[in-house]
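Read through the structure below, which is laid out as structure tokens, and then see the notes.
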Amino acid sequence: MRENESHHEETSEQEQVSQEEAVPSRQRMRKQMVWHKRYRAFLWAAILGGVFCFFIGVMMKGYAALKNEMSKEAAVHQFEQALKKKDVRTLKNYIRSEEITVNEKTLAPLFTYVDQHPKAYEMLERDWERQWNEKHVYIKGLTSIPPIFTMKVYEKQFFLFHQYVFEPTLYSFVIRQEEEATVLVDGKAVQGQPTKEPFVKKYGPYFPGLYTVTITTKKETKTKKVVLFGGKRVHEIQF
């Protein structure tokens, strides 16, 4: 009897010890399960967040590209309307030149030309289409014929959308003068710059447009309309 009671007590003690050891084991398992659930939740959240950011980025990039194309068209339209209306204030915002001040006087030859040649707008649009479709339309020193107005990005608005400006090609012309002469451009006397060739002087630079050039010598006075709109930067004028 005593042996049975002793054996029963030992068995009870072992079961109690086993139960006590099982409690922390179950707690560890619960903690591991909770940790795995949180990890999976975090992982899914990170994946979904990454996918969401990717699609948002693609959408924003596509929207920005579409907006930039629309802003190009809008800039061209506003520029052309300003030319037609002779809106000097608007053109001051669009035309950028470091050598010539943009004002009513310097823009007058351009207004005159586009008034007399409505197809001038088609020439400008062809130039801009080439610029949009080709990376390098004009490289100074390598390309002989520059665009009449180069469309450039002035700045990015809100880090996404472009603001466009138009940089005019500055033209000059040369005249061969074998004797002393007075040269007037649109009624204003101008001094030519000597060139490497004898008796040849260079005048300019000028904005694109239509100019009246008058040359007066001791013998006679001659006047000629000179178109500086497209073609090479330097035009040769013969009287």
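The values are calculated or read from the model by the stated rules, or taken from the named source; none is laboratory data. This is a predicted model, so every value here is computed, not measured. Glycine also receives a Cβ, built like all others from the backbone with ideal geometry; neighbour counts cover every protein chain displayed.
Determine whether H136 is touching a helix residue (DSSP H, G or I) at 6+ places or on another chain (Cβ under 9 Å) and either modelled with pLDDT under 75 or not polar (S, T, N, Q) (or both). The answer is no for H136.
If you go through region 179-230 and keep only what is among the aromatic types (F, W, Y), outside any strand (DSSP E or B) and buried (at least 18 other Cβ atoms within 10 Å of the Cβ), you end up with F207, F229.
Inside region 162-188, residues that are within 19 Å of E99 (Cα to Cα) and small (G, A, S) make up a count of 1.
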